[in-house]
Structures are given as C-alpha cells and as structure tokens.
Amino acid sequence: MDLLVGGIGQLATPTGAGPRRGPDQGELSVRRDAYLLVREGRIAEVGEGRPPPFAGPALDAEGRVVTPGLVDPHTHAVFAGNRVQEFLARVRGERYTGGGILTTVYATREASEGELVELARPRFLRMLQLGVTTVEVKSGYGLTLDDELRILRAVRRLGEELPLTLVPTFLGAHAFPPELPREAYVRLLVEEVIPAVARQGLARFCDVFCDEGFYTVDEARAILAEAREHGLGLKVHADELAQVGAAELAGELSAVSAEHLLHVSQEGIQALARSGTVAVLLPGTAFVLDEPYPPARDLIAAGVPVALGTDFNPGSSPVASLPLATSLAVLRMGLSPAEALVAATLNAAAAIGLADKVGSLEAGKRADLVVWDVRSYEEIPYWIGQNLVQAVVRGGRVVWRSSPTPSST
Ligand code: NIG
Ligand code: FE
C-alpha cells in the first residue's frame, strides 16, 4: 500500500531498531509541519515542509499529532467468561491471589476455537481503536495440551483476519491444573506441550508465571530451558505478587523480557540491567489491585529498558487501553510523557522481538501509525480515559477512523 500522510502538526517518534534505556529512554525525535511517505506498506521517507509530488492516496492529519502505532507487549486477551463476581469481592475488600485464574480456565475449556475467536475479536478491535497496531497475546487459560493449542490457534486465526499484528506467547505455566499433581504437569509441559507448540509454530515466546503460589524459580528455569531448546524466546511473569527472585532468573537466562516486577529486588534490577532484558511494566494491574506500582525510575536509572503494556485479562487487569497505561505511568510511576511514549512503542516492540520492524516512524519500518486529535504528544497521557485517536494506519492502509468531529483541542 502506498500513502502520503501530510499536514502533520507534530510527528513524535523514538528512533532506532533496539530498546532505549537510561537517559535515552525519553529521547524522541519531534518534527513540526511534517509528512510521511509510504511505499508498499513501509515508510519510504519522513520529512518536513512541503511533501514531494505524490499520485497515490493521501491522509491529511490537519495539524494533528502522529506517533508510531502503539505496541501492547503483554495481554491475556483470549479467554471465555468473565470475573465480575471476583471484581465485586475485591471491591468489598478481598485480596487478589491469582486463584481466580482457574475460573477463567474452566470457562475457556468449554469454548470452541470458533467461540474463542468470536469472543476475542471485539477486544482486539477496541485496542486498535485506541491506537494499538501490535499486540502480544499469551495462552494460559487451558492448562492441557489440547486446550492450550486451541487458544493459540484462535490467536493465529485472529492475526490472519484482523488488521493488527498478533504475537503469540505460550503461557502453559500460568497456573496448575487441578486434575494433575504439580510435578506431572511440569513434566507434561516439558515433554509434550512445549514440543507440540514449537512444532506447530503456534508461539514465538514461552512465558512462566514465576511467583508466590505459582511456579518456583527452579520449575521456571526447567520449563524455559526446554522452551529455548525448541527455539522459543523467553519471557518471565516476574515478582508480581511477591519477591521470589524471578527477575534474577530472567537476567540469568537473558530473557527478552521480565514482566510485572511490582516486587522486584535491587539484585533483580541489576540482573536485568546486565542482561539487557526489557522490563514490561503493567500499571493497570497495580491500579486495579491497589498494589504499589513497579519501581520504574529505579529500573530506568539502572539502565533497564522500560516498556508499558496493559496486561489485559479478566482478573487482575480488565484494562484494554494502552493510552490509559501511559497516563498511569506518568502520574503514578514518574515517567515523562516522552519516556512513556517510547515505552509503549519502540521498547514494547523490543520486548516482543520486533524493534527492527515496528515501534518507530523511520524509513524501512512498517507504516503503522496513529493520528491523535491533539497538538502535542504530551497530551496523550494528559487527557485521561478519552479516546483521542483520529485514525489508525497499519502497513500503509487506513484501518480505522473516528467519526468526523471537528478538532477541538
Ligand atoms: O498477569 N499473573 C498472572 N496472570 C495474570 C492474571 C490472570 C488472571 O487473573 O486471570 C496477570 O496478572
Ligand atoms: Fe500478565
């Protein structure tokens, strides 16, 4: 697809093909009065002033802000049922322990592949309307060979059908299925499920919920070692509920990302800095569970690249809005709007191994971008809980436009 995006009041983007860390976390290229030229779905040129003559289709940003399409590097978006009863119990004061995951496992096991596709489709379309063009999706509500494979097949179907890029992660080690002894399930994962997932090409990454009441560091190490043997990239749900040394494990294994990190230790932060692992922070979860936010400033100071995601799931984070996550990151975690934008674009792309393809608006990258109905990128986290997205372009094609309202901000 060819396209000229003209009339860009402000074009704000990180630059580079890898994650940005430390003082560079907040480095953005900001151009005024810019244009962007797309050829065959990729960015051919970004410039300022008058665009070159162009015969193809054009999108006029009418002075608005353009950023890269947002990248959500952590969701659990394919599931059946909901957990509104658990939500109400928490509102009454009950604490989240992760036990509710099994409620969703039972509901998801009852759903066919087609039903999972139907349930998840509108969730992804809502994310797209919020400016997200790439989404990582974890399995983990099946906990048997067949049920996990079915979830991953639903992700693959949705990725083929929808105008978003879906990146599948195998999270069979999300909880323990009640019908098997713990060791037997770990063995099943290692001996059967991981090989099957890899053989069928159903996942790019393998993740383990390494936390209090869930997988121990030793179990996680064994599962991830097997995943690596089968060519999967490694991720860790690390120290979300308690400090168990999961970030240290992510560093030891040079995992691509360590995610959550609400209770990460100082040693864990140092381990992530040494290995270059991306910290995927999920402020929606801390907000929903009323837990302390992860130590984003300490991570950035230590040189760990920080990414932001939603953790969208029916239990701990029924939050599908990545722009809202940027608001929470700025207001509660001390990120600047520039750091938050880098975290939700280039660093999020790095957390799913795609920083050379998406996450910034530069020649050669895929033309995934968002037109925001604001005048400066700082307004994206500032206007909280409103959808400011005017248009979404994916691969050079306009895939969503808000109904035409006059620009008001
Ligand atoms: O990321 N931590 C584990 N998994 C999810 C919660 C999933 C659920 O509650 O259903 C999380 O918070
Ligand atoms: Fe999660």
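Just so it is clear, none of the values below were taken in a lab; they were calculated from the coordinates. As the structure is a computational prediction, the values presented were derived from the model and not from experiment. Cβ sites come from the backbone with ideal geometry, for glycine too, and all protein chains shown count toward neighbours.
Among 5, 70, 37, pick out the residue whose Cα is farthest towards the positive end of the charge dipole of the range 1-111, where Lys and Arg carry +1 and Asp and Glu carry -1 on C-beta, about the Cα centre.
It is 70.
Order of 124, 54, 205 from fewest to most other C-beta atoms within 10 Å?
Ranked by crowding around the Cβ, least crowded first: 54, 205, 124.
Set the Förster distance to 22 Å, then compute FRET efficiency between residue 270 and residue 228 from the Cβ-Cβ distance, nearest 0.05.
The computed FRET efficiency comes out at 0.45.
Only four residue types carry charge here, +1 at the Cβ of Lys and Arg and -1 at the Cβ of Asp and Glu. Report the dipole size of the range 5-47 about the Cα centre in Debye, rounded to the nearest 20.
It works out to roughly 60 debye.
Arrange the following residues from fewest to most other Cβ atoms within 10 Å of their Cβ: 322, 262.
Ascending number of Cβ neighbours within 10 Å: 262, 322.
May I ask for the percentage of alpha-carbon pairs in the chain that lie more than 28 Å from each other?
43
Please report the orientation-averaged projected area of the range 284-386, defined via the convex hull of its C-alpha atoms, in nm².
7.2
Give me, ordered by chain and number, the residues 5 or more places off residue 165 or on other chains with an amide H under 5 Å from its own placed amide H.
134, 135
Below 8 Å between Cα atoms, with a sequence gap of 6+, how large is the relative contact order for the chain in percent?
So the answer I get is 22 percent.
Read phi for every residue in the range 26-42 and hand back ³J(HN,Hα) as whole Hz from Karplus 6.51 cos²θ - 1.76 cosθ + 1.60, θ = phi - 60°, with x for Gly and Pro.
Per-residue couplings from phi come out as x, 7, 10, 8, 10, 10, 9, 6, 10, 9, 9, 10, 10, 10, 6, x, 10 Hz.
Going Cα to Cα from residue 357, which lysines come in below 17 Å? Please leave out same-chain ones fewer than 8 positions away.
Once the sequence-local lysines are set aside, what remains near residue 357 is 365.
About the Cα centre of the chain, what is the dipole size in debye to 20, counting +1 per Lys and Arg Cβ and -1 per Asp and Glu Cβ, all else neutral?
In total the dipole reaches around 1000 debye.
If you average 1/r over all unlike Cα pairs in the range 65-213 and invert the result, what Kirkwood radius do you get in angstrom?
Evaluated on the range 65-213, it is 16.1 Å.
Give me the distance between the Cα centres of the range 198-236 and the range 338-409, rounded to whole Å.
Computed from Cα coordinates, the inter-centre distance equals 31 Å.
Would you list 330, 78 from fewest to most Cβ contacts within 10 Å?
So the residues, fewest neighbours to most, are 330, 78.
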